[in-house]
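Shown next, in structure tokens, is the structure this report addresses.
Where a number appears in this text, it was derived from the coordinates with a stated rule and is not lab data. All figures in this text were calculated on a predicted structure; none of them were measured in a lab. Cβ placement follows ideal geometry from the backbone for every residue including glycine, while neighbour counts extend to all protein chains displayed.
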Amino acid sequence: MRPLSVEELYDFFDPDEIKRGMSYYSDRRVREVDFAGNRVRGRVRGSARQAYRVVATIAEKEDGDLHIESRCSCTHKENCQHGVALVMEAQRLKGHDPEKADSRDHLDHTLKTWFQELDKSMQPEPDLWPDNVKERLLYGLSLSPGIRRLNVTLAVGRLLSSCQLSDSEPRPFQAENVFRGKSPARFLVESDLSICRRIVANESSLLQGEEGYELLRAMLRTGRCYWIEWGHMFPLSLGSDEALNLAWDVDDQCRQHLKLAGNRTALPVTPACYLEPEHSQIGVIESDIEESMLTSLLSMPPVPADQIQSFQKRWTKLAREFRLPRPKALEYSEVAAIEPKPIMKFVLQAVPTYDWQTETAWEQPAIKLFFDYDGHLIDAGNAKKEMTVFQQERQVHIHRHLELEKDWLARLTKSSVRAVTAVYGNRPLNNSYAPTGEKGLSQENLWLGYLQQELPELQKQGFNIEFTEDFPWRLHNGEDSTWILDVAKYDNDWLSFAVKIQIDGEQIDLLPAIMGLIEEMGDDITKITPDQTLQLPLEDGRRMPLAANLILPLLTSLMEIFQEKDLEKGRIKISQAAAPTLLEVEAALSRVCRTTWQGDVDVQKQIMQWDNEQKKTVNIPNQFLADLRPYQYKGLQWMQLLRRLGYGGILADDMGLGKTIQTLAYLSVEKRSRRLVNPALVLAPTSLVSNWAREADKFTPNLKILVLHGPDRDWMYEHIPNVDVIITTYHLLVRDSEELLKQHYSNVILDEAQAIKNPRARWSQTVRSISADQRFCLTGTPMENHLGELWSQFDFLLPGFLGKQSHFRTLFQVPIEKHGVESRQKMLSKRIRPFMMRRTKEQVAPELPPKTITIQTVRMEQQQAELYESVRMAMLGKVRKEIDKKGIGASRMMILDALLKMRQTCCDPRLLSLDAAKDVEESAKLTLLMEMLENLRVEGRKVLIFSQFAKMLGLIEEKLIEKEYSYSKLTGQTRKRQEQIDAFQDGEKDVFLISLKAGGVGLNLTAADTVIHFDPWWNPAVENQATDRAHRIGQDKPVFVYKLIVEGSLEERIIEMQEKKQALAEAIYAETAVAGSTITEEDIEMLFSPLAES
């Protein structure tokens, strides 16, 4: 076999196959390489851990060119990547390095082409077929096993568009069929018809004598003649004549065989021919010996060791006369009086069968029993009492202890085994056994059960156990081994890890096997019972049995984070945020066996940091002017924990539990710790911007707040670096992205974060572009419609943590939403638990007061604000004229009407009977109300909505119908009041619309846990009476009260008056003025102050 260069491979293999084959070769995946002339055989382990059988021919032509072809048991069949790996390994074993081979000695393209054309001119005219005929008659040659008979079998193969023979099994063809129809098949050309006539005339499929030789040459000339050996087809060609060269060969029983030298095989035709496997050629043997005598020599039976001396006496004369080789003289030794050691060998047994290719083998796992006599192995299937074997160039005579051997054989056959039988005839094969078991069990489960349950007992009895490398199932006790969790840094936000096991000082990757098991079983993993045993396949072919209750936590932990494309070279790439999962993996491993960490020390410290950081407490700054409830303090601790670890999270408490105040406490801690070097950015819906500003001003006056809102905001951008917190809206982020995205932020906080539930929405994509050290989402409804909304928020917080969206859909969304797979739901909950804190009102009820009142402010948009200003100015002019004319005391009705119109404008412009109001479609409060109701519906709340304006209740009712809310309604026009009340109290309705006058007193509505005052009333006692419809005896839940107030408007003045100027509030609506409560001109200016001055 001459050296070859890598570039020569491109003449025979596709570039992709070469690339993959070189990788297999470099990874040392080629095993059991065996040379036979220019033919090499071996096994190559593929990407799926399966070992494929490969045969390659590397032949040098007479012109010096190479011919390379390979056949493989994989789906590609020939010239695949496994063939490349085998050819490379064969070159290495022969001392050649294809990657360094010098190709200068090879002919250039011009000379190669010239020789190829010359060869063509010397060949006979090829057979011609019509273009639409793709079938061809094939000729298969083989030697019958055990006897020297050359068989020919015919079959029909099909050509592909590339003119290569299809991999599909050729169909058998009988020569007699040619002459049975009216006309021969179209794929039969003249050469085929001639060969078929001669086969029929011979009345035999055997090739023998001179006629056999002529037929052989005719078949070779077609170019469609193949040598068939154990299921593989090798194309044959006509070789040159060669001089007779005989040699003696000794088999393992010390029998000597006279054969052709050089691994050639004699073919029984006249003249005698050889088969040369290296080049797949057949040629004539040249000899001075008479043909009949040569035929006898080539068919000589083997000479037993005990007859060699007698044979030599007869052979010497022939050898001298015809220059024939003499049998080998072997040294003799004897083994006696030794007890045999039984050896159970687990092998891949070749079970013969027959098809059109004559001789193939079906490989079946089997147990073979051998006896070791002082290092000499005897097959238990051999019944001879004394044996002579050939080992290490010696003739060894062994006296066997048959009684002991029978005893060992009886012990083996008492275990659950049966004799392996041939494919046809049901004939038991000699010394071949396989496990028996329940019907329906797969072969794999039969073997693994035998290995795990019965083999240990046989070992105790004294059987030695050996496995051949190709045996598919071997066991290793994983619980006695050291498991290793190997971690490393992948890039800024990613880690990689591998799970390994140490066996005999070597570390073996387990992740490919574990992930293969996860892929194979899918959700069936959750159906595994604790008493089951799982078989984990190892790289080296062994299986590792593990108790299900030990391995299941490991499988479920890895199942959460596994993505097929993330498995690379035995490692999984995961987001740093999945570090807690690695701790769970380590805990699961520790329950199985000894476990240790390995790899990047810094990564190990980062993982362990989770446990340490959770124990730290947080001191609340003195500048924070609020008392946190215990659950709110836990929320602050959690936010600070995530900040220390460098992860984002979702604060998903129910509405009303104080997500805003917890966040302000977090920002106050950041301010004190001097971490607000860069400002924090708060993004909120337009309706909540004023509420954020109000809460920040009230509880964290030490924070420098910039409310980035309104049309005249351009001047604000230069002040961004000098403030602590910026509050703005999602809409303005998109509109002013050029300015806002310039800045790096210490924190970015998304309020009502379900706003980014659609990852393809423009502002969802924009928020992902914000540069920030820390990210948080605040929402009472992290998922409104489907789990994809949750994925979108986590993709903003922790990119890659829940994988790609397609992976998330496959692993979680579809199984949970469409199929209700509870195990996947638990898995997802467990995965996100460290990064999402959610408390419901019921969970924290003991910490809540019976009644919680929240002022929810909202800012009007431009059109509504302009209408308010126009109404305010017009009414202020009228009021001043009336006061100038009649005085303040007599102007009460005019003042009241003016205030009414301003309050109606705050609620909804449609309440006004003004032409200017008809073109205004905005209602900031109604928008806020519907957003709140959506959150409350998700939480399962029962809501009372109070308003003084029946028409406003009607507008709200339209929205409820549009959004398909179930509701009751009670106004002065309602006739069947009790039906409406009962429907709400009995749980049939979720929302109750109530006029303040019609339902403010006398009702018992304890089914409600939420009260919303859509518009404020001057007298807080009236509002309190309405609130007490829910907050009264019989109420077993905390009640949350929300007052919706337009920022900077008359409504804010009403709240101030409720708190500070109660007497003045009463004076406005009282029938008689109270002493000291007279309205002054300063009060008028305060009530009618412009919106812009708020």
Excluding residues fewer than 8 positions from LYS881 in its own chain, the lysines with Cα under 23 Å of it are LYS901
At q = 0.16, 0.18 Å⁻¹, the log10 of I(q)/I(0) for segment 332-466 from a Debye sum over equal Cα scatterers comes to -0.91, -1.06
Among GluC sites (Glu not before Pro) in segment 284-346, those in a DSSP loop whose Cβ has at most 14 other Cβ atoms within 10 Å are GLU290
Within segment 795-845, DSSP-loop GluC sites (Glu not before Pro) with at most 14 other C-beta atoms within 10 Å are GLU842
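Test of understanding: what is the full-extension gain from LEU896 to ARG180, defined as 0.36 nm times their sequence separation minus their Cα-Cα distance? Kindly include the intermediate steps, with their values, before the conclusion.
Details: separation 716, 0.36 × 716 = 257.76 nm, distance 11.61 nm.
Fully extending the segment from LEU896 to ARG180 adds 246.2 nm.
When N counts the residues of segment 672-823, how does its alpha-carbon radius of gyration compare numerically with 2.2 N^0.38 Å, as a ratio? Don't jump to the answer; show the numbers that get you there.
On the way: Rg = 17.0 Å, N = 152, 2.2 N^0.38 = 14.8 Å.
That ratio works out to 1.15.
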The lysines whose Cα lies under 17 Å from the Cα of LYS460, excluding any fewer than 8 residues away in the same chain, are LYS341, LYS345, LYS414
Using the Kirkwood formula on alpha carbons, the hydrodynamic radius of segment 126-205 in angstrom works out to 13.9
Measuring from its Cα centre, the chain shows a charge dipole (+1 at each Lys and Arg Cβ, -1 at each Asp and Glu Cβ) which, in debye to the nearest 20, is 2380
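Given a cut-off of under 8 Å on Cα pairs at least six residues apart, what relative contact order in percent is computed for the chain?
Numbers: 1846 pairs, mean separation 58.2, N = 1094.
So the answer I get is 5 percent.
With a 10 Å radius around each residue's Cβ, average the other Cβ atoms per peptide and rank 17-24, 1042-1049, highest first.
Working: 17-24: 19.0, 1042-1049: 23.6.
Those peptides, ordered most packed to least, come out 1042-1049, 17-24.
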Within segment 223-266, the residues whose backbone N lies under 16 Å from a label point placed 7 Å from the Cα of ASP470 along the Cα-to-Cβ direction are 229-233
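Normalised by the residues of segment 135-238, what does the relative contact order come to in percent, with Cα pairs under 8 Å and at least six apart?
Working: 146 pairs, mean separation 28.9, N = 104.
Reported as a whole number, the value is 28 percent.
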Segment 837-888 and segment 175-240 have their Cα centres apart by a whole-number Å value of 102
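FRET efficiency for ARG977 and LYS951, Cβ-Cβ distance as r, R0 = 22 Å, nearest 0.05?
Working: r = 20 Å, r/R0 = 0.89.
Step by step, r from the Cβ atoms, then E = 0.65.
Can you give the FRET efficiency for LYS385 and ASP11, using 1/(1 + (r/R0)^6), R0 = 45 Å, r = Cβ-Cβ distance, to the nearest 0.05?
So the FRET efficiency works out to roughly 0.20.
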Taking every other residue with Cβ under 11 Å from the Cβ of ASN678 and scoring Lys and Arg +1, Asp and Glu -1, one gets -2
Simple SL model, points at 7 angstrom along Cα→Cβ for LEU914 and LEU93; separation in nm is 9.8
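In cubic angstrom, how much convex hull volume per residue do the alpha carbon atoms of the chain span? Working shown, then result.
On the way: hull volume 312.7 nm³, N = 1094.
Taking the convex hull of the Cα positions in the chain, it is 286 Å³ per residue.
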Once the dipole of the chain is set up from charges on Cβ (+1 Lys and Arg, -1 Asp and Glu), the residue from the list PHE984, PRO782, SER1089 lying farthest towards its positive end is PHE984
The extension gain from GLU964 to VAL814, computed as 0.36 nm times the residue separation minus the Cα-Cα distance, is 51.4 nm
Looking only at lysines whose Cα falls under 23 Å of LYS698's and that sit 8 or more positions away or on another chain, we get LYS634, LYS659, LYS671, LYS851, LYS925, LYS1043, LYS1060, LYS1061
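Computed FRET efficiency, Cβ-Cβ of ALA845 and ASP714, R0 35 Å: what is it to the nearest 0.05? Can you show the working numbers first?
Working: r = 48 Å, r/R0 = 1.36.
Computed FRET efficiency for ALA845 and ASP714: 0.15.
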